[in-house]
């Protein structure tokens, strides 16, 4: 049972600020951190650390960032296939305020260069029991090709539509589980009311929807109603990467057979660890921390 993560890799340049800048304003950063990230790499690392066999398929450039990413991916992920698109790897500029809130701007030149045919070939060996995980960084065509390949192979599908670059309506029939935050749900569902927006995603074809609500926890909307998971209290240092931690742990827990309730609680605990630390990759919980979270939630000794 392999998790195939189809996503991006970026160099993350993080600037710590007293607050987020206003339009037209320049602020001086109190700290600067260079890290590796990208939602594809992030979620694949978390899944692998959770003990889930993982294959990462991600486009990179032909530069020093790609070299660093290959070394990290080979060390962290059992099957890392970083595809050389030539040119520069993608970057994200992350501004983090003292209260932990952030603004992120990313490039997607390498991500957009990945074409559907390469993904179809790479996913030719998946089958029932596997899961394909996609986000919003790649093109619509390539994302659709990944989800279609999953359906043809009998694999489950998970979509974390972030960032929102194009309409997802036509893809929901190919998605078993959608994971979104409150702002993304409002945009995709066309309503600030959670129940209304979720109903619209499900009416369009999505089978299950998880909504993360920050300090208010998260909600799982499935066939049997709504399951709510409270957030874990933590001093917020940096929220970057917390959503990817939540997604990775949720998928790994479900693949391991945990109930939706237990999987949501485990994901919330792991995300809280990330929120309490600075950086993206450097803030992720380690394998032993994830093991303890998953086994405690599963009731193992």
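Of note:
- Sole exception among (1) out of contact with any strand residue (DSSP E or B) (no Cβ under 8 Å at 6 or more places or on another chain); (2) assigned to a helix (DSSP H, G or I); (3) surrounded by fewer than 24 Cβ atoms within 10 Å (Cβ to Cβ) for residue 65, by number: (1)
- Taken over the stretch 28-46, residues that are in contact (Cβ under 8 Å) with a residue 12 or more places away in the chain, at negative phi and assigned to a loop (DSSP other than H, G, I, E, B) amount to 2.
- Residue among 46, 6 that alone is surrounded by 24 or more Cβ atoms within 10 Å (Cβ to Cβ), touching a helix residue (DSSP H, G or I) at 6+ places or on another chain (Cβ under 7 Å) and more than 22 Å from residue 153 (Cβ to Cβ): 46
- When the stretch 9-43 is filtered for residues that are closer than 13 Å to residue 95 by Cα and surrounded by 23 or more Cβ atoms within 10 Å (Cβ to Cβ), the ones remaining, listed by number, are 12, 14.
- Among the residues of the stretch 98-124, those identified as outside any helix (DSSP H, G or I), in contact with a strand residue (DSSP E or B) (Cβ under 8 Å, 6 or more places away or on another chain) and surrounded by 15 or more Cβ atoms within 10 Å (Cβ to Cβ) are 102, 104, 106, 107, 108, 114, 123.
- Residues in the stretch 68-81 that are assigned to a strand (DSSP E or B) and surrounded by fewer than 23 Cβ atoms within 10 Å (Cβ to Cβ): 79, 81.
- The strands (runs of 3 or more DSSP E) found entirely in the stretch 207-301 that carry 3 or more residues being surrounded by 17 or more Cβ atoms within 10 Å (Cβ to Cβ), modelled with pLDDT of 95 or more and under 16 Å from the mean Cα position of the chain (by Cα) are 208-212.
- Failed item, numbered, when residue 225 is tested on (1) farther than 23 Å from residue 135 by Cα; (2) in contact (Cβ under 8 Å) with a residue 12 or more places away in the chain: (2)
- Of all residues in the stretch 166-182, those satisfying the criterion of being touching a helix residue (DSSP H, G or I) at 6+ places or on another chain (Cβ under 8 Å), over 23 Å from residue 125 (Cβ atoms) and assigned to a helix (DSSP H, G or I) are 170, 172, 182.
- If you check 86, 129 for being in a loop (DSSP other than H, G, I, E, B), touching a helix residue (DSSP H, G or I) at 6+ places or on another chain (Cβ under 9 Å), in contact (Cβ under 8 Å) with a residue 40 or more places away in the chain and surrounded by fewer than 18 Cβ atoms within 10 Å (Cβ to Cβ), only one passes: 129.
- Selection from the stretch 132-146 of residues that are part of a helix (DSSP H, G or I) and within 16 Å of the chain's Cα centre (by Cα): 143, 146
- Matching option when the condition is more than 19 Å from the chain's Cα centre (by Cα) and over 25 Å from residue 146 (Cβ atoms), among 191, 186: 191
- Any chance residue 58 is free of Cβ contacts under 8 Å to residues at least 40 places away in the same chain and either assigned to a strand (DSSP E or B) or out of contact with any strand residue (DSSP E or B) (no Cβ under 7 Å at 6 or more places or on another chain) (or both): no
- The set of residues in the stretch 1-26 that are in a loop (DSSP other than H, G, I, E, B) and touching a strand residue (DSSP E or B) at 6+ places or on another chain (Cβ under 8 Å) comprises 1, 2, 7, 8, 9, 17, 20, 21.
- Any hit, the stretch 152-165, residues being under 16 Å from the mean Cα position of the chain (by Cα), part of a strand (DSSP E or B), under 23 Å from residue 85 (Cβ atoms) and without any contact (Cβ under 8 Å) to a residue 60 or more places away in the chain: yes
The values are calculated or read from the model by the stated rules, or taken from the named source; none is laboratory data. Nothing here was measured: the structure is a model prediction, and the numbers come from that model. For neighbour counting, all protein chains shown are included, and Cβ atoms are generated from backbone atoms with ideal geometry for every residue, glycine included.
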